[in-house]
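**Student:** The structure under discussion is supplied below as structure tokens; questions concerning it will follow.
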Amino acid sequence: MAAMKQAPLTDDDRWQIVLAKDRSFDGVFVTGVHSTGIYCRPSCPARAPKRENVKFYPTGNDAKAAGLRACKRCSPDSIAPDEQAVLKCLEILRSSEAPVSLDKLGIAAGYSPTHLQRVFKRGVGLSPAAYHRALRRERASKTLSRSESVTTAVYDAGYSAPSRFYDENNEERLGMSASAWRGGGRGVTIHYAVTKTSLGNMLVGATAKGVCRLSFEETRSALEERFPNAEIVEGGKEFTKLLAHIVEAVEHPGNAPHIPLDVKGTAFQEAVWHELRKIPPGETRSYTQIAAAAGNPKAVRAAGSANGANNVAVLIPCHRVVRSDGSLGGYAYGADIKRKLLAKEQSNG
């Protein structure tokens, strides 16, 4: 099994993992909450603490040395057999360039392949194969942002050939290469426009890889805040063509897989976004249904957080998620826009 260097997590990465309550990083680090004197797993179900009160530690022993005690709710030092099996598989997948078969993972974990698949998906939210693909896309994104050669970056990320990278990313559409989400957009040019729609003024920003921001009632300054190191310029000829497709998708909302995206999230967030794009126009799903579809039925709040972390409204249709009682629930741009989008879809159907 080929080993590879994985870019270390930054504290910003860890904080996003904690907000998403991503179980796949349990055992990788612990979250120290100095206002309460405890340390937790990244997936601790308790309400997220304030960022200024948090410090991250490699292990529970490191957190204890800093004067913290283990959280009684998530028991960060206690590892059940199923969790131990998942952590073993995560360690293997994170250090492997090539895909790892379920049979090999099962042998390493001491589980049958079928049972391991169920345990892994319940714990992580993705199958082992899907998780490994998400890791490769993330590696490629990080490498491409600092590499002069696309081919070198693709091979370094673990793809057998550039064609495999392009095929996979054309299928997935999410987490595309040279993502503007790394380093505040350093080295990336973002074209943008603010245009009128029936839902109000719409801001669209796009890199060479795809749309990185679609929002309502925002201006260029919103892009500058999110991508302080990017070159932000008004859209040109090619951008105008893309903008026309986006306006059409907003005025006649449906599924728009032909519009490329340049977005990035944790493995669980991306799993939620994939499920959102599967909801047929004119239909809705509850947060509970989305969490279950993403592979973690108990992660309802994390599914809601992933919904809120969506940076491309309409194209990833988070407006199609409602509360279990059928009420609208929240929406970043207000209930009125959410209601109008749903009404447009139902009338088109």
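Since every read-out is calculated from the coordinates, none of them should be taken as a lab result. Nothing here was measured: the structure is a model prediction, and the numbers come from that model. Note: ideal-geometry Cβ built from the backbone for every residue, glycine included; neighbour counts use all protein chains shown.
**Student:** Please compute the net charge surrounding Val28, taking Lys and Arg as +1 and Asp and Glu as -1 over other residues with Cβ under 11 Å from its Cβ.
**Tutor:** The answer is 0.
**Student:** Roughly speaking, what is the centre-to-centre gap between the stretch 10-38 and the stretch 39-112 when only Cα atoms are used, to the nearest Å?
**Tutor:** Spelled out, the Cα-based centre of one part sits 10 Å from the other.
**Student:** Here is a further query. 5 Å is the cut-off here: which amide hydrogens, built 1.01 Å from N in the peptide plane, fall below it relative to Leu261, excluding neighbours closer than 5 in sequence?
**Tutor:** Sorted by chain and number, the residues that satisfy this are Val211.
**Student:** Using the Karplus equation 6.51 cos²θ - 1.76 cosθ + 1.60 (θ = phi - 60°), what ³J(HN,Hα) coupling, rounded to whole Hz, does each residue of the stretch 337-344 give in order, writing x for Gly and Pro?
**Tutor:** 5, 4, 4, 5, 4, 5, 5, 4
**Student:** For the stretch 196-323, what number of Lys pairs, 8 or more residues apart or on separate chains, have alpha-carbon atoms under 21 Å from each other?
**Tutor:** Pairs that pass both the separation and distance tests number 7.
**Student:** Report the calculated FRET efficiency for Arg51 and Glu234 (r = Cβ-Cβ distance, R0 = 35 Å), to the nearest 0.05.
**Tutor:** 0.55
**Student:** Right, another one. What share of the DSSP beta bridges in the stretch 11-70 is antiparallel, in percent to the nearest 5?
**Tutor:** Close to 70 percent.
**Student:** Still on this structure: Give a residue-ordered list of calculated ³J(HN,Hα) values for the stretch 184-191 (Karplus: 6.51 cos²θ - 1.76 cosθ + 1.60, θ = phi - 60°; whole Hz; x for Gly, Pro).
**Tutor:** After applying 6.51 cos²θ - 1.76 cosθ + 1.60, I find x, x, 4, x, 10, 9, 10, 8 Hz.
**Student:** Assign one of three labels to the stretch 248-349, namely rounded, prolate or oblate, based on the Cα gyration tensor with a ≥ b ≥ c the square roots of its eigenvalues; rounded applies when a/c is under 1.5, prolate when it is not and a/b is larger than b/c, and oblate otherwise.
**Tutor:** Here the stretch 248-349 falls in the oblate category.
**Student:** Report the gain in length on full extension from Arg323 to Asp77: 0.36 nm times residue separation, minus Cα-Cα distance, nm rounded to one decimal.
**Tutor:** 85.1 nm
**Student:** Further question: Counting only the backbone N, which residues of the stretch 301-342 are under 18 Å from the spot 7 Å out from the Cα of Ser198 toward its beta-carbon?
**Tutor:** Output list for this probe position: 314-315, 319-320, 335-342.
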